[in-house]
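A short write-up of the structure that comes next.
The values are calculated or read from the model by the stated rules, or taken from the named source; none is laboratory data. These numbers come from a predicted model, not from an experiment. A quick note on method: Cβ atoms are made from the backbone with ideal geometry, for glycine too, and the neighbour counts reach across all protein chains shown. Protein only, heavy atoms only, side chains kept; ligands, DNA and RNA dropped before computing areas. Shrake-Rupley method; radii C 1.70, N 1.55, O 1.52, S 1.80 Å.
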Amino acid sequence: MGIIRAAHLIYDYITRDDETGTETASRAIDDVDLDVDAGDFIAILGHNGSGKSTLAKHINALLTPTGGSIWVKDMDTKDENHTWDIRQSAGMVFQNPDNQIIGSIVEEDVGFGPENIGVPTDEIWQRVDQSLKAVGMTEYRTHSPNKLSGGQKQRVAIAGVMAMRPECIVLDEPTAMLDPNGRKEVLRTVHELNREAGVTVVLITHYMDEVIDADKVFVMDDGKVVMQGRPKEIFSQVEKLKALRLDVPQVTELAYELKKSGLPLPDGVLTIGELTSALTPLLGTGHTTIHHGGSYVD
Ligand SMILES: Nc1ncnc2c1ncn2[C@@H]1O[C@H](COP(=O)(O)OP(=O)(O)OP(=O)(O)O)[C@@H](O)[C@H]1O
Ligand SMILES: [Mg+2]
């Protein structure tokens, strides 16, 4: 059974009109089932307001369900006895690194979480060392976070979460405020944590190219999970994604358009490499090669 599971999860935000005192409920999560295996890298896509952040906050017990249930490591988030364990098992990283960094020196910031829960000093330093190493920020340990780039700050924020030794991290658009370099740094870091430390990753993003290496993709719309599958399965359905107001990776779109215009190409092309090897045999002589450098179009 998965490390994160949800069954018939429902969440209503209640808004209260101060003048009339009437309360209205609006449904942000509408009957969601979810099953995430330990060690997986999961991506969640969806148009603005589709319920991604609301779902993320349930994994961390920041919100508790209006209906249905969600479990982290078999702990029901509704059970307040488990809130602490759940928050420690599933760390959260948000969009704005400036709101997550509190220390005035990088290593202090990373050690703050463990210190707060009474981890012995020796072990705090061990955790700080390991976490900074894991995000590639060791050389900045005595720097002031203020002077770091956005990508570096976000990596410090991730190190702070890692210092709590979570089994799972949930990242809610962690690259939305970063430049292309910062985005790459953070993505690389998250993939390394997944591969090397075996941390389960739930990545919420608007960027399609951040999704292609995920084990599984969930697509949300209007509070529901409307598609789920491997990236290739998801990106084979270009028209459906467009109907959900989502883009597809540029190379996928190009392959899709070429196919529509008559070239015999497969569905769900995700990388330039795949596209060139599908195109090369179609170029006639068989002697033509298309050179390419990166793994996907930026
Ligand atoms: N605090 C709140 N009070 C009332 N309604 C809210 C609140 N937060 C979110 N909502 C509503 O709940 C729905 C889901 O919002 P949510 O923030 O989970 O979506 P999202 O997919 O994360 O969007 P985005 O891509 O813009 O981050 C939206 O209709 C939103 O307006
Ligand atoms: Mg959101």
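Values as computed for the structure displayed
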item	result
Tally, over the range 258-286, of residues that are open to solvent by 40 Å² or more (accessible area, probe 1.4 Å) and on the phi > 0 side of the Ramachandran plot	3
Number of positions in the range 1-60 that are free of Cβ contacts under 8 Å to residues at least 40 places away in the same chain, of a type in the set (D, E, K, R) and over 27 Å from THR175 (Cα atoms)	5
Set ASP222, ASP247, ASP213, ASP209: member being charged (D, E, K, R), modelled with pLDDT under 90 and open to solvent by 80 Å² or more (accessible area, probe 1.4 Å)	ASP247
Subset of the range 167-183 that is open to solvent by 10 Å² or more (accessible area, probe 1.4 Å) and outside any loop (DSSP other than H, G, I, E, B) - its residue that is farthest from ligand 1 (Cβ to nearest atom)	ASN181
Residues (more than 21 Å from GLU196 (Cα to Cα) and either open to solvent by 50 Å² or more (accessible area, probe 1.4 Å) or assigned to a loop (DSSP other than H, G, I, E, B) (or both)) located in the range 133-160	TYR140, ARG141, THR142, HIS143, SER144, ASN146, LYS147, LEU148, SER149
The range 92-107, residues that are more than 16 Å from ligand 1 (Cβ to nearest atom) and modelled with pLDDT under 95	PRO97, ASP98, GLN100, ILE101, ILE102, GLY103, SER104
Residues of the range 20-61 satisfying the condition of being assigned to a strand (DSSP E or B), away from ligand 2 (no atom under 12 Å from the Cβ), β-branched (Val, Ile, Thr) and modelled with pLDDT of 95 or more	ILE29, VAL32, VAL36, ILE42
Candidate set from the range 1-59 (those that are open to solvent by 60 Å² or more (accessible area, probe 1.4 Å), of a type in the set (D, E, K, R) and within 20 Å of ASP222 (Cβ to Cβ)); member that is farthest from ligand 1 (Cβ to nearest atom)	ASP33
Top-ranked residue in the range 78-101 [being β-branched (Val, Ile, Thr) and touching a helix residue (DSSP H, G or I) at 6+ places or on another chain (Cβ under 6 Å); ranked as least open to solvent (accessible area, probe 1.4 Å)]	VAL93
Check on ILE124, over 30 Å from LYS52 (Cβ atoms) and either outside any helix (DSSP H, G or I) or over 23 Å from the mean Cα position of the chain (by Cα) (or both)	yes
Selection count, the range 195-243, where residues are polar (S, T, N, Q) and at positive phi	0
